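Scroll down for the structure; my scribbles are underneath it.
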Amino acid sequence: MTATTVTAGTVRGGLGQSVVRPDGTAKVQGSFQFSSDYTADDALWGATLRSPHPFARIVRLDVSAALRVPGVAAVITAADVPGVPTYGLISQDQPVFASDVVRFVGEPVAAVAADHPATCRQALQAIVVEYEVLEPLTDPERAVDGSVPPIHPDGNVIRHQRIVRGDQTIEGPVTVEGTYELGRQDQAFLGLEAALAVPDHDGGGVELVVATQWLHEDQKQIAACLALPAEKVRLALGGVGGAFGAREDISLQVHTCLLALRTGRPVRIAYDRHESFLGHVHRHPCTVWMRHHADHDGRIRRIEARFVFDGGAYASTSSAVLINGITHTQGPYACENATVDGWAVRTNNLPSGAMRGFGVVQACFAHESQMDKLAAACGLEPLEVRLRNAMHTGDRLITGQVVENVAPVERIIHEVAALPLPDEPVGGHDGDILRLPGGVGRTTDAAHVRRGIGYAVSIKNLMYSEGFDDYSTARVRLVDGTVHVKFATVEVGQGFVTLAQQIARTELGIEDVVLDRIDTGVGSAGSTSASRQTWMSGGAVLGACRLVRDRLLALVADREGMDAAALTIDGAEIVDSGGLLRIPVAVAAAGVDIDETFEHHHPATEDLDELGQGNCHTAFAFCAHRAVVDVDTELGLVKVVQIATSQDVGRVLNPLSVLGQVEGGIAQGLGLAVMEELLQDGGIVKNPTFTDYLLPTFLDMPPVVVSLVEEPEPHSPLGAKGVGEPPTISSTPAVVAAIRDAVGRELPRVPVRPADICL
Amino acid sequence: MSVLVPTSLDAARDALSANPSATVLAGGTDLMVEVNERRREVVDVIAVDRVAELRAWSHDPVSRTLTIGAAVTWSEIEDAPFLAWVPSLAQAARTVGSPQIRHAGTIGGNLGTCSPAGDGLPPLSALEAVVHLTGPGGERSLPFAEFMTGPKRNARAAGELITAVTVPVLRGPQGYAKVGVRNAMVIATAGVALVCDADAGGVRLALGSVGPVILRCPEAEAIVAAEADFAAGRLAEPALRAAAEAARAAARPIDDHRSTAAYRRHAVGVLTARLLRRAFPHD
Ligand SMILES: Cc1cc2nc3c(=O)[nH]c(=O)nc-3n(C[C@H](O)[C@H](O)[C@H](O)COP(=O)(O)OP(=O)(O)OC[C@H]3O[C@@H](n4cnc5c(N)ncnc54)[C@H](O)[C@@H]3O)c2cc1C
């Protein structure tokens, strides 16, 4: 890893250091309070009744027997929602409770509150729902072709967008083509959905402790459904055990608050794993067709593509995922001519929404598969074709937008290629089953193994797009030598709590930084998603710290009779340019009380026009992966031996945190490549448990070798780019490319199943 | 709800006989999953993991048998001395779950659940194990083939406790291999156990996860028994191929969300061939 310089002196725990998380010890010791750990005296339990059908009309709904179950305090249905009956992040098309029809397996129909979870279950069983089962729409192509009547008043097409740029007549001379498919990946966070709602004494409001990704957006949606002003719905962050996009949408929030307001008592709801699989959105299953036209030397001349994203029953963020997908069609490669057609459609499958990578995972699997085909067609090495097409700062995308960020695509390709290959022989070290495909199953001997190497490179937009002002707010107080930082930035495990302290230490030269509770008691921070919080909330904390610092320096200047402009903070001391003054900040700040709030906004972006043209994205980051796999070709079993990665990170603010994101993201990308898929058949979910939804274990996760490319990003407040998503995006196609290299098959679908390799 | 934690076999048997609908709890690695997923209602519990007799095993060098108490864990079975006496069972033990699961999970629990994917079962089938039970009607012993009656069904009567299994200690190679989609902690999509009895010139193959019960492969067994040279560790390639093909044919797999029938059948053939080649390294 590249060494980092601590530019602003040597305060302990400042930027550039591998500072340990403030909540790390508690998490390791098991004393950290996750949202499922919150309770209150007199709290009731809530539970949700869900549809067993992918598509059905509710003919009769009778809760009277449930109300008679001893211990039941309330049963609520759509009729009990006082405000807007629906919610949603972009369009409000999803009912709090289904009233007339259910549109996916697991859709909430009613909720109960009772004295015990077992009583809740009894009550749920006592609710009578008569359904008239309808023919579900499960094939997204039927939604595209319009052959099925609308399954929702908003229609079956959530969004259709084209990108048409440049010369549409270019053909060949070399063309490569493929249709690629991605199964449904679940975010599979370990901390299940959980919340505690506590009603105000006067019954006029509610406080909700919840694991989410964006407190203020939740607040807005909940308040609308409850018909309460926003200030009557106060949210605090319950400890979040992972998110990865699955907590962007409302799940149990409205239900919990409604039950608390109805009963006048605190109510807690906690999903189990099965309910979690049904109760949150997933990564969009997607089919991508691409055709690349190129010169004989491998230079891309034109790309054609068609994307169909299965949005499931409700819109969630599908329209934004679609735009992300199609605007990343070209990958990190220069291309001036493109014809792209993209659809996000409604089906009676589970709703799809945000997941790490947000549409770009789908695009990247397709364009990287294409780049390997192009390399083969032109007789080039996979890396050579990528280098010849590598995008640079100043290049124009197929949307017409100019890439204004640092774009070290060539460099990351060179660096990933230069990282050491595993010294492990093919098939691992003699006799060690843990190093072989099939692992502890003892299926495979070294003689059955073939090794493959594959590469993939990605481009990912950072922050929100299409005109969205996803600003962030931070409040910093310097009180008697201690810094207090408050923000509503959701900590999902990514480490913003660590970073916020580091920024404050470096900017103010004070080690003692206290973080306030994360809640809606300060302005919005935007969502913890889109790799945006280091840039956006980092920018907000930085901005607020600088306002505080300027006031402190002015105060000291006043006191010392000096010019404030001559003062700076160097490490933990205030110094003047003349070299006369040098006092510890902590001493200068004794008795001081300064309070500043700062909002960080990124430059405005635009909507796409009819032809998909417009400056829709805020910024971009780049990443390259190399995968080495050993494959048992006869049984189709894969052991990933090593992943190497080079990532464009701008600046490393916390090496340990960055490494965590890199390794975790790769594990998730590897999971999509070879095992993770939530299966539905006719709308029915087949494997909603960790017995059958397989996540990579330690034995599936290889060593990772990393090269972080630090070219500070001038547009980013701290010079750093978001690092959360890129590791997930190109790791999947790199692993698949490596398997293809070993077995010589096209493998157009992920996850790659054993039978795809050997039958 | 009541929970009893007897420490002697008599106490455990009496408690279960008195309350035949009580749930027996060993390591809980199957039971608690069912409880958590609400597939099983538990009222009264009798925990057997502290019953000394059930935690014990004994080796009888005269009859050359090994009797393993029902509450012996996979982490015990995966190591010496089991590895030398019943290698196929020890290898199967190593494939179960994770270290945590193997420390809690027991051989009796595997038999109690009787899943066609239970990794302990193909070796027990191939070893022609005898399952010992005790209950209100006294003690009885059943051959494994009679004990397992269907997917997650067995011949245990209400109120009966599985006390132990007896397996022969044989001379000759053994092995177990299973295929799953993950490199550890995975349910078998196909598993094969091979047990050779060099003294009797016998060979036994048992298949897991490819039928409603563990399947034996008499045809494949006959081919190997006729063709193999135990002393030289030799099995000609055509015979090996024919045996693998016969094992493939013996499988009765289904399509489900874990795999396809076609892949399972294919895997049975490949695993059988590989186990045979490990057992008989020479062509
Ligand atoms: C994460 C995980 C991974 C797993 N991986 C594997 C795997 O790879 N391979 C595999 O085969 N299994 C696996 N299992 C399943 C399980 O660990 C095994 O089946 C184990 O052998 C069960 O033993 P136990 O002692 O935990 O049984 P328990 O859960 O205690 O009991 C299982 C059943 O047997 C009954 N029972 C237990 N003991 C007796 C007795 N003495 N008399 C009568 N009835 C009895 C119980 O009432 C219950 O019905 C896994 C489980 C988990 C949770």
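The values are calculated or read from the model by the stated rules, or taken from the named source; none is laboratory data. The structure presented is a predicted model; accordingly, all values stated were derived computationally and were not measured. We place every Cβ from the backbone using ideal geometry, glycine too, and count neighbours over all the protein chains shown. Side chains are part of the model used for accessible areas, which takes the heavy atoms of the whole protein and leaves out ligands, DNA and RNA. Shrake-Rupley method; radii C 1.70, N 1.55, O 1.52, S 1.80 Å.
For the reader, a short list of remarks on this structure follows.
- Any hit, the stretch A:62-79, residues being buried (at least 17 other Cβ atoms within 10 Å of the Cβ), polar (S, T, N, Q) and modelled with pLDDT of 95 or more: yes
- Filter result for B:Pro212 (under 22 Å from the mean Cα position of the chain (by Cα), closer than 19 Å to B:Ser115 by Cα, away from chain A (no Cβ under 12 Å) and not aliphatic (A, V, I, L, M)): yes
- Residue list for the stretch A:741-759, restricted to those being away from every other protein chain (no Cβ under 14 Å) and open to solvent by 40 Å² or more (accessible area, probe 1.4 Å): A:Asp741, A:Gly744, A:Arg745, A:Glu746, A:Pro748, A:Arg749
- Restricting the stretch B:96-131 to residues that are hydrophobic (A, V, I, L, M, F, W, C) and within 6 Å of the ligand (Cβ to nearest atom) leaves a set whose member that is farthest from B:Thr23 (Cα to Cα) is B:Val96.
- Among the residues of the stretch B:1-18, those that are within 26 Å of A:Asp272 (Cβ to Cβ) and open to solvent by 60 Å² or more (accessible area, probe 1.4 Å) comprise B:Met1, B:Val3.
- Considering residues of the stretch A:192-215 that are out of contact with any strand residue (DSSP E or B) (no Cβ under 8 Å at 6 or more places or on another chain) and of a type outside the set (D, E, K, R) only, the residue surrounded by the most Cβ atoms within 10 Å (Cβ to Cβ): A:Trp214
- Any hit, the stretch B:125-141, residues being open to solvent by 30 Å² or more (accessible area, probe 1.4 Å) and either among the basic types (Lys, Arg) or outside the structural domain of B:Ala56 (by TED's automatic domain parsing) (or both): yes
- Candidates A:Thr728, A:Thr645 - the one that is open to solvent by less than 20 Å² (accessible area, probe 1.4 Å) and part of a strand (DSSP E or B): A:Thr645
Conditions tested, residue by residue: (1) within 28 Å of the chain's Cα centre (by Cα); (2) within 25 Å of A:Arg651 (Cβ to Cβ); (3) modelled with pLDDT of 95 or more.
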site	(1), (2), (3)
A:Glu424	no, no, no
A:Glu466	yes, no, yes
A:Arg477	no, no, yes
A:Val483	no, yes, yes
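- Close Cβ contacts (under 7 Å, 6 or more residues apart or on different chains) running from residues in the stretch A:687-716 that are at the interface with chain B (Cβ under 10 Å from one of its Cβ atoms) to residues that are assigned to a loop (DSSP other than H, G, I, E, B) and open to solvent by 40 Å² or more (accessible area, probe 1.4 Å) comprise A:Asn687/A:Leu679; A:Asn687/B:His257; A:Thr689/B:Glu37; A:Thr691/B:Ile187; A:Asp692/B:His257; A:Asp692/B:Arg258; A:Leu694/B:Val181; A:Thr697/B:Met185.
- Some residue of the stretch A:161-168 being closer than 30 Å to A:Pro751 by Cα, of a type outside the set (Ser, Thr, Tyr) and not in a strand (DSSP E or B): no
- Of all positions in the stretch B:68-75, at least one carries a residue that is within 20 Å of B:Phe144 (Cα to Cα), under 23 Å from the mean Cα position of the chain (by Cα), crowded, with 16+ Cβ neighbours inside 10 Å and without any contact (Cβ under 8 Å) to a residue 40 or more places away in the chain.
- Taking (1) closer than 25 Å to B:Gly211 by Cβ; (2) near the ligand (Cβ under 10 Å from one of its atoms); (3) not in a loop (DSSP other than H, G, I, E, B) in turn, B:Thr134 satisfies each apart from (1).
- Helices (runs of 4 or more DSSP H) wholly inside the stretch A:314-420 containing at least 3 residues that are closer than 24 Å to A:Glu141 by Cβ: A:318-327, A:360-378
- Close pairs (7 angstrom Cβ cut-off, 6 or more residues apart or separate chains): polar (S, T, N, Q) in the stretch B:249-260, assigned to a loop (DSSP other than H, G, I, E, B) anywhere: B:Ser259/B:Thr189
- Checklist (1) within 12 Å of the ligand (Cβ to nearest atom); (2) within 14 Å of another protein chain (Cβ to nearest Cβ); (3) surrounded by fewer than 20 Cβ atoms within 10 Å (Cβ to Cβ) applied to B:Ser21, failing item: (2)
- Of the strands (runs of 3 or more DSSP E) that lie entirely inside the stretch A:503-616, those containing 2 or more residues that are at pLDDT 95 or above and open to solvent by 50 Å² or more (accessible area, probe 1.4 Å) span A:593-600.
- Summed over the stretch B:80-95, residues that are within 12 Å of the ligand (Cβ to nearest atom) and either surrounded by fewer than 24 Cβ atoms within 10 Å (Cβ to Cβ) or modelled with pLDDT under 95 (or both) total 1.
- Of the residues making up the stretch A:604-643, those that are closer than 23 Å to A:Gln668 by Cα and more than 23 Å from the chain's Cα centre (by Cα) number 12.
- Elements of type strands (runs of 3 or more DSSP E) contained in the stretch A:194-309, each with 1 or more residues being under 24 Å from A:Asn324 (Cβ atoms): A:286-294
- Within the stretch B:112-128, not a single residue is over 10 Å from the mean Cα position of the chain (by Cα), assigned to a strand (DSSP E or B) and within 30 Å of A:Gly439 (Cα to Cα).
- Residue identified as open to solvent by 10 Å² or more (accessible area, probe 1.4 Å), closer than 26 Å to A:Thr633 by Cβ and out of contact with any Asp or Glu (no Cβ under 9 Å at 6 or more places or on another chain) among B:Pro212, B:Pro173, B:Pro122: B:Pro173
- Every condition in (1) within 14 Å of chain A (Cβ to nearest Cβ); (2) more than 11 Å from the ligand (Cβ to nearest atom) holds for B:Glu139 except the one numbered (1).
- Which listed residue is of a type in the set (A, V, I, L, M) and open to solvent by 40 Å² or more (accessible area, probe 1.4 Å), from A:Ile684, A:Ile666: A:Ile684
- Looking only at residues in the stretch B:186-209 that are within 13 Å of the chain's Cα centre (by Cα) and within 16 Å of the ligand (Cβ to nearest atom), the one that is surrounded by the most Cβ atoms within 10 Å (Cβ to Cβ) is B:Val192.
- The residues listed here are B:Ala267, B:Ala249; of these, the one that is closer than 13 Å to B:Val210 by Cβ and within 14 Å of chain A (Cβ to nearest Cβ) is B:Ala267.
- Residues of the stretch B:1-18 satisfying the condition of being over 9 Å from B:Ala47 (Cα atoms) and within 11 Å of the ligand (Cβ to nearest atom): B:Leu9, B:Arg13, B:Leu16
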